[in-house]
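J.: Before I ask anything, here is the structure I am working with.
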Amino acid sequence: MAKSKIIIIGAGASGMLAGIIAARNGAKVTIIEQKDRVGKKILATGNGRCNISNRKVSSDDYYYDSREKKLFIETILSQFTVEATIAFFHEIGIDIVEKEDGKLFPRADQATSVVSALLMELDKLKVDIVYQERVEKIEIASNFQIITNNKKYYCNKLIIAGGGCSSPVLGSDGSCFKLVEQLNHTTSKLFPSLVQLKTDYSYLKHLMGTKCNALVSLHSEDKEILKEEFGELLFTEYGISGPPVLQISRVAGDFLNRNLKVYIRIDLVNEYSYEQLEELLINRANRIPKRTMEQFLVGFINSKLIIPILKTSNIDIHKNVSDMTKQERKEILKNLKQLTMKVTGTMDFKNSQVTAGGVEISEIEHHTLESKLVKNMYFCGEIINVDGACGGYNLQWAWSTGFVAGNASS
Ligand SMILES: Cc1cc2nc3c(=O)[nH]c(=O)nc-3n(C[C@H](O)[C@H](O)[C@H](O)COP(=O)(O)OP(=O)(O)OC[C@H]3O[C@@H](n4cnc5c(N)ncnc54)[C@H](O)[C@@H]3O)c2cc1C
């Protein structure tokens, strides 16, 4: 049988994996990358350490709103599992170690080592990489004609691995959505995920840069808790950031897109119940009655939080602790356990780690990732309408889909 001649658009995580698998299967592979190097985004992952996957990966770590989508995710993940991913990287020289919450990292703790190993393997397999050319049009005749800003390329199989819209400075600028829409594919609504949230809290300027551990809950207008996460919270000039905020941002973005109101509730003293905290505040007031209210919480919470909590509780910061009323104590208690602010938006794609939305899965064959609309064209990575939580899940999606598209096309 004649060798498949495959072009892959995008040398990110999924495109490189697809290229390796297809070339191992005997295909002649060319990858076209608009940046001057491969895997730019991988270099930024896991704060430069590359959280390559997660031991606990399952379909529930991705967002799905239908049984069909859950099944689609499972079908892909089962073809290139976490174990297979570890074995693949081991084979190309990357030893993997497990850290907290099942997170997997290269033993060297360097994302550069992952990119170097993938590049060495592509080189060994004689995969051509065209750098600094941007694919601007795809034409279909008896084969595919891939038109870049510089040249025309031909192939009989095409893999679209151009990523989403997140962190465009690293290459994924959303241009591949336009390319496939010209071929009649549908892109669902795109919005930033794993991103910081903007809130309406009045004391953000005062709190900017303050970090503290907290239970952060997202709730709807009727007070239903939509998602909650514990971790290090960071107050910023525009709102809140930090790992728990990124994790809940997907649900917040989804609600805001549907014009639904969402609120953040921060529990700054999660280790205490309401009753325990009440007792603790009474005790504290009895111990230091001559202090001012401004001094009351010194040594109990981060000092930057004291004025905002007291002002939100409508308390005169100059009065003595002994003059605090029961109602005022209850207000402080409420704001320590349930500091509430309205979410006014998310930060944009520039700041986000992943793109929610993408090419509709109903237009993609579940077992092969081949387009149902354009024969011999395949998708892999973030361009597909699947996104996961923070913790190695999005790279696992890139590896698994890269494997499936590379294998099925060759
Ligand atoms: C700061 C940051 C940290 C992250 N940390 C983690 C983490 O620790 N763990 C994790 O699992 N996930 C993490 N992610 C998410 C993860 O990196 C991505 O989901 C994954 O890299 C997507 O892979 P991809 O191959 O689909 O796309 P990308 O890696 O975005 O690659 C797409 C490539 O296609 C190229 N391209 C696009 N359009 C064209 C065109 N028209 N012509 C030519 N080339 C084109 C781009 O230049 C780019 O190189 C992080 C993301 C960011 C931004």
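J.: Test of understanding: what is the full-extension gain from residue 24 to residue 140, defined as 0.36 nm times their sequence separation minus their Cα-Cα distance?
T.: 39.1 nm
J.: Another one. If one computes the Cα centroid of the stretch 38-107 and of the stretch 314-372, what distance in Å separates the two points?
T.: Computed from Cα coordinates, the inter-centre distance equals 26 Å.
J.: Continuing with the same structure: In sequence order, what are the phi-derived ³J(HN,Hα) couplings for the stretch 230-236 according to the Karplus relation 6.51 cos²θ - 1.76 cosθ + 1.60 with θ = phi - 60°, rounded to whole Hz, with x for glycine and proline?
T.: 9, x, 7, 9, 10, 8, 10
J.: If contacts are Cα pairs under 8 angstrom and at least 6 residues apart, what is the relative contact order of the stretch 196-347 in percent?
T.: Across the stretch 196-347, relative contact order equals 31 percent.
J.: Related question: Looking at the chain as a GNM with Cα springs under 10 Å, which of 264, 306, 317 has the largest mean-square fluctuation?
T.: Its mean-square fluctuation being the largest, the pick is 317.
J.: Could you work out [θ]222 nm for the chain from helices alone, using -39500 (n - 2.57) per DSSP H run of at least four and dividing by all its residues? Round to the nearest 500 deg cm²/dmol.
T.: -10000 deg cm²/dmol
J.: Continuing with this model, one more query. For a quick protection proxy, order the peptides 219-232, 113-126 by their average other-Cβ count within 10 Å, most packed first.
T.: The packing order, highest mean first, is 113-126, 219-232.
J.: Using packing as a proxy for protection, rank 141-151, 167-177, 245-255 so that the peptide with the highest average count of other Cβ atoms within 10 Å comes first.
T.: Going by the mean number of other Cβ atoms within 10 Å, highest first, we get 245-255, 167-177, 141-151.
J.: Relative contact order (percent) for the chain, with alpha-carbon contacts under 8 angstrom and 6 or more residues of separation?
T.: Contact order relative to length: 25 percent.
J.: A further question on this structure: Only Cα pairs under 8 Å and at least 6 apart count here; give the relative contact order of the stretch 126-175 as a rounded whole percent.
T.: 20 percent
J.: Fully extended, how many nm does the chain gain between residue 270 and residue 206 (0.36 nm per residue separation, minus their Cα-Cα distance)?
T.: 20.8 nm is the gain from fully extending residue 270 to residue 206.
J.: Also: Once both labels are modelled 7 Å past Cα along the beta-carbon direction, what's the residue 128-residue 101 spacing in nm?
T.: With each label point 7 Å from Cα toward Cβ, the separation is 4.3 nm.
J.: Let me ask another. Using the Cα atoms of the chain to build a convex hull, what is its mean projected area in square nanometres?
T.: 21.5 nm²
J.: Compare the peptides 8-15, 272-279 by average per-residue count of other Cβ atoms within 10 angstrom and give them in order, highest first.
T.: Answer by packing, highest mean first, reads 8-15, 272-279.
J.: If you look for lysine pairs in the stretch 1-145 that are eight or more places apart or on different chains, how many of them have Cα atoms under 17 Å apart?
T.: Lysine pairs meeting both conditions in the stretch 1-145 amount to 9.
J.: Please state the charge dipole magnitude for the chain, taken about the Cα centre, from unit charges on C-beta atoms (+1 on K and R, -1 on D and E), reported in debye and rounded to the nearest 20.
T.: In debye, rounded to 20, the chain gives about 640.
J.: At residue 367 and residue 344, where each label point lies 7 Å from the Cα along Cα→Cβ, what is the point-to-point distance in nanometres?
T.: Spacing of the two 7 Å Cα→Cβ label points: 5.3 nm.
J.: Taking R0 as 60 Å, what's the FRET efficiency between residue 283 and residue 154 from their Cβ-Cβ distance, rounded to 0.05?
T.: In this case the efficiency is close to 0.15.
J.: Over the chain, what percent of the accessible surface lies on carbon and sulfur atoms, probe 1.4 Å?
T.: 47 percent
J.: Calculate the all-directions average of the projected area of the stretch 36-93's alpha-carbon convex hull, and give it in nm².
T.: Mean shadow area of the hull around the Cα atoms is 5.6 nm².
J.: Using a 1.4 Å probe, what is the accessible area per residue for the stretch 196-347, in Å²?
T.: Ligands and nucleic acids excluded, the figure is 49 Å² per residue.
J.: Label-point separation (nm) for residue 295 and residue 91, each offset 7 Å from Cα along Cα-to-Cβ?
T.: 6.9 nm
J.: Give the calculated FRET efficiency between residue 71 and residue 220 to the nearest 0.05, with a Förster radius of 22 Å applied to their Cβ-Cβ distance.
T.: So the FRET efficiency works out to roughly 0.20.
J.: If you wrap a convex hull around the alpha carbons of the stretch 196-347, what volume per residue comes out, as a whole number of Å³?
T.: Hull volume normalised by residue count: 102 Å³.
J.: Of all beta bridges DSSP finds with both residues in the chain, what is the antiparallel percent, to the nearest 5?
T.: 75 percent
J.: Probe 1.4 Å, all protein chains in place: accessible area of residue 4 in Å², nearest 10?
T.: My reading of the accessible area for residue 4 is about 20 Å².
The values are calculated or read from the model by the stated rules, or taken from the named source; none is laboratory data. Here the structure is a predicted model, which is why all the values come from computation and not from measurement. Note that we place each Cβ from the backbone using ideal geometry, even for glycine, and neighbour counts take in every protein chain shown. Keep in mind that these areas ignore ligands, DNA and RNA; they rest on the heavy atoms of the full protein, side chains included. Shrake-Rupley method; radii C 1.70, N 1.55, O 1.52, S 1.80 Å.
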